[in-house]
1. Going through region 103-118 one residue at a time, which ones are aliphatic (A, V, I, L, M) and more than 19 Å from the chain's Cα centre (by Cα)?
2. Answer yes or no as to whether residue 127 is surrounded by 15 or more Cβ atoms within 10 Å (Cβ to Cβ) and either assigned to a loop (DSSP other than H, G, I, E, B) or under 16 Å from the mean Cα position of the chain (by Cα) (or both).
3. Among the listed residues 288, 272, identify the single one that is in contact (Cβ under 8 Å) with a residue 12 or more places away in the chain, touching a Pro at 6+ places or on another chain (Cβ under 6 Å), assigned to a loop (DSSP other than H, G, I, E, B) and of a type outside the set (A, V, I, L, M, F, W, C).
4. From the list 238, 265, 275, 285, which one is under 17 Å from residue 177 (Cβ atoms) and touching a Phe, Trp or Tyr at 6+ places or on another chain (Cβ under 9 Å)?
5. Which residue pairs have Cβ atoms under 6 Å apart, sit 6 or more places apart or on different chains, and have a first residue in region 48-75 that is of a type in the set (Lys, Arg) and a second that is part of a loop (DSSP other than H, G, I, E, B) and modelled with pLDDT of 95 or more?
6. Can you list residue pairs whose Cβ atoms sit under 8 Å apart, with the first residue in region 215-231 being more than 21 Å from residue 143 (Cα to Cα) and buried (at least 22 other Cβ atoms within 10 Å of the Cβ) and the second being among the hydroxyl-bearing types (Ser, Thr, Tyr) and modelled with pLDDT of 90 or more? Count only pairs 6 or more apart in sequence or on different chains.
7. Looking at this structure, is residue 300 in contact (Cβ under 8 Å) with a residue 60 or more places away in the chain, of a type in the set (Gly, Ala, Ser), touching a helix residue (DSSP H, G or I) at 6+ places or on another chain (Cβ under 7 Å) and under 20 Å from residue 177 (Cβ atoms)?
Amino acid sequence: MKILVTGGCGYKGHVLVPKLLARGEEVIAFDIQWFGNYLEPHSNLTVIKVDVREIDSIPLAGVDCIIHLSSIANDPCGDLNPQLTWEVSALATMQLADKAKRLGIKRFIYASSGSVYGVKEELQVTEDLELKPISEYNKTKMVAERVLLSYQDDMVVQIIRPATVCGYAPRQRLDVSVNILTNHAVNKNKITVFGGDQLRPNLHVKDYCDAVELFLEAPSEKIRDEIFNIGYQNMAISDIAQLVKKVVEEEFPEKGDIGIVTTPSDDNRSYHINSDKIKRALGFSPKHSIEEAIHDLCDAFKGGKLPNSFEDDTYFNLKQLKKKQAK
């Protein structure tokens with residue numbers, strides 16, 4: 001199979017692309033590379049450094065499936081430059097889908113986000129609930145979903161709404177909850193929790209990639225016109241902090257007690273998702289826990305894979321976009 005992965009040099013792409021290559025697939029990793037490229041060379045891998053908005057530069061000839069990961073990721077980045085966010089995350093998605101359908105590409109897998117639901121009071125946030133996005137990032141994801149579903153005819157469009165991804169990847173992010181807290185515990189010997197009662201859904205990056213792989217093979221009749229949440233553990237930030245403390249103290253006994261400081265927060269967004277549907281329909285269950293993600297990050301710190309974890313802006317999407325003055 002020939003697969004185009006937009007955003008192939010991103011956090012998730014750096015785990016997904018090697019997984020696809022290991023399956024024997026031919027992969028085109030298409031990415032602007034604001035955060036670098038750490039993919040190992042491979043005979044079946046082509047890496048193209050171009051902005052996804054340059055639609056005519058995207059090589060679609062002979063492509064069997066598109067995995068569309070490209071977007072301006074997370075709320076602060078989306079709000080930094082709304083025009084850029086809408087151009088990259090919504091307009092470019094529409095143009096890519098239009099071109100793909102015209103060329104007869106059979107499958108289009110789109111990475112939306114579990115944050116499109118907004119803040120919900122329901123204890124079980126399922127795929128049939130109303131979407132109430134509250135940021136530019138969420139809004140563009142919702143609009144892109146609706147646009148893509150309008151192209152679902154001969155082309156099978158698959159939309160996934162993942163939880164917040166965590167764990168180690170060669171292109172690391174240290175600006176998502178589990179990874180933030182682990183970085184602070186390992187390198188500052190202290191965890192600062194803002195608020196703490198907010199619930200967050202979490203998903204190991206390996207489980208994310210396992211789910212995407214599953215959609216490559218799923219019968220079209222099982223996934224056509226369907227949207228799937230993909231999450232694992234819904235945990236309060238304060239509980240994640242306690243888990244990070246436990247694991248880091250085990251991994252680095254020489255550090256002694258890791259302190260936790262709790263401060264008030266104006267950001268009381270609390271959301272969680274139910275992922276029963278993907279288990280019922282496709283038999284998918286995550287295998288990797290938050291605790292495993294923390295252990296993986298600890299191993300990476302021990303192995304010197306994450307140097308300058310507070311100074312290097314490439315670990316932090318917002319800092320890097322500001323530095324690049326992306327537009």
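The values are calculated or read from the model by the stated rules, or taken from the named source; none is laboratory data. Just so we're clear, the structure is a prediction, and the values are computed from it rather than from any experiment. With ideal geometry, Cβ positions are generated from the backbone for all residues, glycine too; neighbour counts draw on all protein chains shown.
1. Across region 103-118, the qualifying residues are 103, 105.
2. yes
3. Of the residues listed, the single one that is in contact (Cβ under 8 Å) with a residue 12 or more places away in the chain, touching a Pro at 6+ places or on another chain (Cβ under 6 Å), assigned to a loop (DSSP other than H, G, I, E, B) and of a type outside the set (A, V, I, L, M, F, W, C) is 272.
4. 265
5. Short answer, once both residue conditions are applied: 49/33.
6. Close Cβ pairs satisfying both conditions: 231/275.
7. no
Rundown of residues vs (1) surrounded by 18 or more Cβ atoms within 10 Å (Cβ to Cβ); (2) in contact with a strand residue (DSSP E or B) (Cβ under 8 Å, 6 or more places away or on another chain), yes/no style:
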{"residue": "2", "(1), (2)": "no, yes"}
{"residue": "5", "(1), (2)": "yes, yes"}
{"residue": "8", "(1), (2)": "yes, yes"}
{"residue": "13", "(1), (2)": "yes, yes"}
{"residue": "16", "(1), (2)": "yes, yes"}
{"residue": "20", "(1), (2)": "yes, yes"}
{"residue": "24", "(1), (2)": "no, no"}
{"residue": "45", "(1), (2)": "yes, yes"}
{"residue": "55", "(1), (2)": "no, no"}
